[in-house]
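Asks: Please find one structure pasted underneath; my questions will follow.
The values are calculated or read from the model by the stated rules, or taken from the named source; none is laboratory data. Just so it is clear, the structure is predicted and the values come from calculations on it, not from any experiment. For neighbour counting, all protein chains shown are included, and Cβ atoms are generated from backbone atoms with ideal geometry for every residue, glycine included.
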Amino acid sequence: MQEETNERDLNERLKLISTMIAEGRRTTQSFSWTFILWGVAYFVAIAWATWGSSWAMWGHNWVAWPVTMIATLVLTWILAVRKFKGGNQPPTTMGRAISSIWFAMGLSMFILLFSMGMSGRTDQQVFVAIICTLLGTANAASGILLRWKQQFGCGVVWWAAAVAACFGSVAQSTIAFLVAIFFCQIAFGIYGMMVEARVRKIRGAVHA
């Protein structure tokens, strides 16, 4: 009798874990637009940092990354608040865990970028290696927690870009960074939005 109870309890716990993982993945998919938004922000920051000194109004390219990241963070917060208010599902435990990972990564990135910009120590290859490592860690941690191999794959791509920045030339590190942004931010964000749309369509058909 006790063995049956223990087995039932174990099955319930496993079911709960699976449910939490599924909820966390759905939460990430519902915020896939943030990957695209930040991917565009990275491209803007790179363009500003590269050609900003030649723009009459937007010189001082050392502020490109801090200013772009702050603006994107504020925009993300505004859109996320509106999404939560407009939705009918409260934040889940897994969703809060994933948010904590990305919040810590974002805060670390902001402190690093702001400090590097203010100090003038902006060696491009070191800069790219650090940023790619941070993004790789956040994606890999989320992918492991959600058992989502596509997101873990994004982490591997970011790490590969970090390695390329360490061993390649400046041009090679830039190319690796741009490629990683496209695949791990833009492409992955679009993929997440497509998955979410397909899930919504299936749910709509089931409830119809």
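Asks: Farther than 17 Å from Thr28 by Cβ and either within 15 Å of the chain's Cα centre (by Cα) or of a type outside the set (Lys, Arg) (or both): is that true of Ala176 in this structure?
Replies: Details: farther than 17 Å from Thr28 by Cβ: yes; either within 15 Å of the chain's Cα centre (by Cα) or of a type outside the set (Lys, Arg) (or both): yes.
Judged against the criteria, Ala176 is a match.
Asks: Before we move on, is Val156 assigned to a helix (DSSP H, G or I) and either modelled with pLDDT under 90 or of a type in the set (Lys, Arg) (or both)?
Replies: no
Asks: Related question: Ile98: surrounded by fewer than 19 Cβ atoms within 10 Å (Cβ to Cβ), under 30 Å from Arg26 (Cβ atoms), β-branched (Val, Ile, Thr) and at pLDDT 80 or above, yes or no? Break it down into steps so the answer makes sense when it comes.
Replies: Values: surrounded by fewer than 19 Cβ atoms within 10 Å (Cβ to Cβ): no; under 30 Å from Arg26 (Cβ atoms): yes; β-branched (Val, Ile, Thr): yes; at pLDDT 80 or above: yes.
The answer is no for Ile98.
Asks: So how many residues does segment 142-163 have that are under 18 Å from Ala187 (Cβ atoms) and either without any contact (Cβ under 8 Å) to a residue 60 or more places away in the chain or in contact with an Asp or Glu (Cβ under 8 Å, 6 or more places away or on another chain) (or both)?
Replies: 13
Asks: What is the one condition in (1) modelled with pLDDT of 95 or more; (2) surrounded by fewer than 17 Cβ atoms within 10 Å (Cβ to Cβ) that His207 does not satisfy?
Replies: The failed condition is (1).
Asks: Return yes when Ile131 is in a helix (DSSP H, G or I), at pLDDT 80 or above and crowded, with 19+ Cβ neighbours inside 10 Å and no when it is not.
Replies: Considered against the rule, which asks whether it is in a helix (DSSP H, G or I), at pLDDT 80 or above and crowded, with 19+ Cβ neighbours inside 10 Å, Ile131 comes out as yes.
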